[in-house]
Amino acid sequence: MKTLKGPGIFLAQFAGDAAPFNSLDSIAAWVASLGYKGIQIPSWDKRLFDLDRAAESQDYCDEVTGIAAAHGLAITELSTHLQGQLVAVHPAYDAQFDGFAAEHVRGNPVARQEWAVDQVKKAATASRRLGLTAHASFSGALAWPYVYPWPQRPAGLIEDAFDELARRWKPILDHFDHEGVDIGYEIHPGEDLHDGVTFEMFLERVGNHARANILYDPSHFVLQQLDYLAFIDIYRDRIKCFHVKDAEFRPTGRAGVYGGYQSWVDRPGRFRSLGDGQVDFTAIFSKMAANDFNGWAVLEWECALKHPEQGAAEGAPFIDRHIIRVTEHAFDDFAAGGADRDLNKRIMGIS
């Protein structure tokens, strides 16, 4: 068993143009004052991090590590959620996802996809320079518009989509392997990798690649009514990252999983600040400890109701309370009688 590292915090939802959220040094000071010990850094936000420099310069990576360390923080992972999304975009979403890309590739899906692949590969190199062993990302999606089969899907459409998704990701995974870093795909609605079945479909097509792994976030499973505790046991060896995020699902006579196109605050399934939702974090942290999860417990704050600064302030002590300091010995060792093979035989009536 292992004691989880944490509490950590994903900075993406807090970065902004006003202090203390507009530089790595100032936001690090802020989260450290709240009790966090680690930061997950969004690699696309140049106010906090320059991915291109990090991929090329060990000195810059040492500087970034030093800024965090000066506030008593470690870097947990880099994130390429936005760039990973752009590795595979269905044409229906071209206009919406264009804003995730650099300006010079917008409006050009081929150039945008090439840029995204390069970005994710750079994140692998930067992660290695930062001394990290795991990375957080999205898979992107080619089949998501067809998740509900009406009209009936053409035969082979999903298989062809996953073949193409694997073809795009396999060279990236090989690069991560070269750098000694695991990708944790966040299993997430809107991505082709949105549950265990789809992850397995992808994994098979990339040859069970050792670097193809999971970012576990129970909130997304609550919203699709998947057993998030059983998921941990099934995929225990593939879970490399952990977002601690709460959610609730309260269906009505008018709306359920699909939400009726309502805003987040009115949906039956919605994200909540830690402790305000329905996720059984006591059971989750117990399973993570028992299953030897060797990573960080990282707050990802998303809530339709609560102010983010209140959510961040409440998140660190919440995670800290749930991290289990694992025991080095069994609780009943005081009554142990030592190893005695002859005694064991007598107990079982073996002559």
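A few comments on the model shown:
- The criterion of at least 3 residues that are closer than 20 Å to residue 122 by Cβ is met, among helices (runs of 4 or more DSSP H) falling completely within region 23-82, by 51-56, 58-70.
- Candidates are the residues of region 109-121 that are open to solvent by 10 Å² or more (accessible area, probe 1.4 Å) and in contact with a helix residue (DSSP H, G or I) (Cβ under 7 Å, 6 or more places away or on another chain); the one that is farthest from residue 179 (Cα to Cα) is 109.
- Of the helices (runs of 4 or more DSSP H) lying entirely inside region 217-307, the ones with 2 or more residues being farther than 25 Å from residue 13 by Cα and open to solvent by less than 60 Å² (accessible area, probe 1.4 Å) are found at 228-234, 281-290.
- Residues located in region 36-73, provided they are surrounded by fewer than 16 Cβ atoms within 10 Å (Cβ to Cβ), within 21 Å of residue 295 (Cβ to Cβ) and touching a residue at least 40 places away in the same chain (Cβ under 8 Å): 72
- Of all residues making up region 129-160, the number that are farther than 30 Å from residue 44 by Cβ, of a type in the set (A, V, I, L, M, F, W, C) and not in a helix (DSSP H, G or I): 2
- Residue match in region 7-19 (condition: part of a helix (DSSP H, G or I), out of contact with any Phe, Trp or Tyr (no Cβ under 6 Å at 6 or more places or on another chain) and either surrounded by fewer than 20 Cβ atoms within 10 Å (Cβ to Cβ) or in contact (Cβ under 8 Å) with a residue 40 or more places away in the chain (or both)): no
- Residue 163 of a type in the set (Asp, Glu) and not in a loop (DSSP other than H, G, I, E, B): yes
- The numbered conditions (1) in contact (Cβ under 8 Å) with a residue 60 or more places away in the chain; (2) assigned to a helix (DSSP H, G or I); (3) over 27 Å from residue 213 (Cβ atoms) are all true for residue 327 except (2).
- Of the candidates 124, 155, 210, 136, the single residue that is closer than 30 Å to residue 53 by Cα and open to solvent by 10 Å² or more (accessible area, probe 1.4 Å) is 210.
- Residue 310 meets all of the listed conditions (1) modelled with pLDDT of 95 or more; (2) under 25 Å from residue 39 (Cβ atoms); (3) polar (S, T, N, Q); (4) not in a helix (DSSP H, G or I) but one, namely (4).
- Scanning region 170-192 for residues that are of a type in the set (Phe, Trp, Tyr) and within 16 Å of residue 144 (Cβ to Cβ) yields a count of 1.
- Only one of the numbered conditions (1) open to solvent by 30 Å² or more (accessible area, probe 1.4 Å); (2) without any contact (Cβ under 8 Å) to a residue 40 or more places away in the chain is not met by residue 173, and that is (1).
The values are calculated or read from the model by the stated rules, or taken from the named source; none is laboratory data. Note that the coordinates shown come from a computational prediction; the quantities given were computed from them, not determined experimentally. Neighbour counts run over all protein chains shown; Cβ positions are idealised from the backbone, glycine included. To get the accessible areas, we keep the full protein, side chains included, count just its heavy atoms, and leave off ligands, DNA and RNA. Shrake-Rupley method; radii C 1.70, N 1.55, O 1.52, S 1.80 Å.
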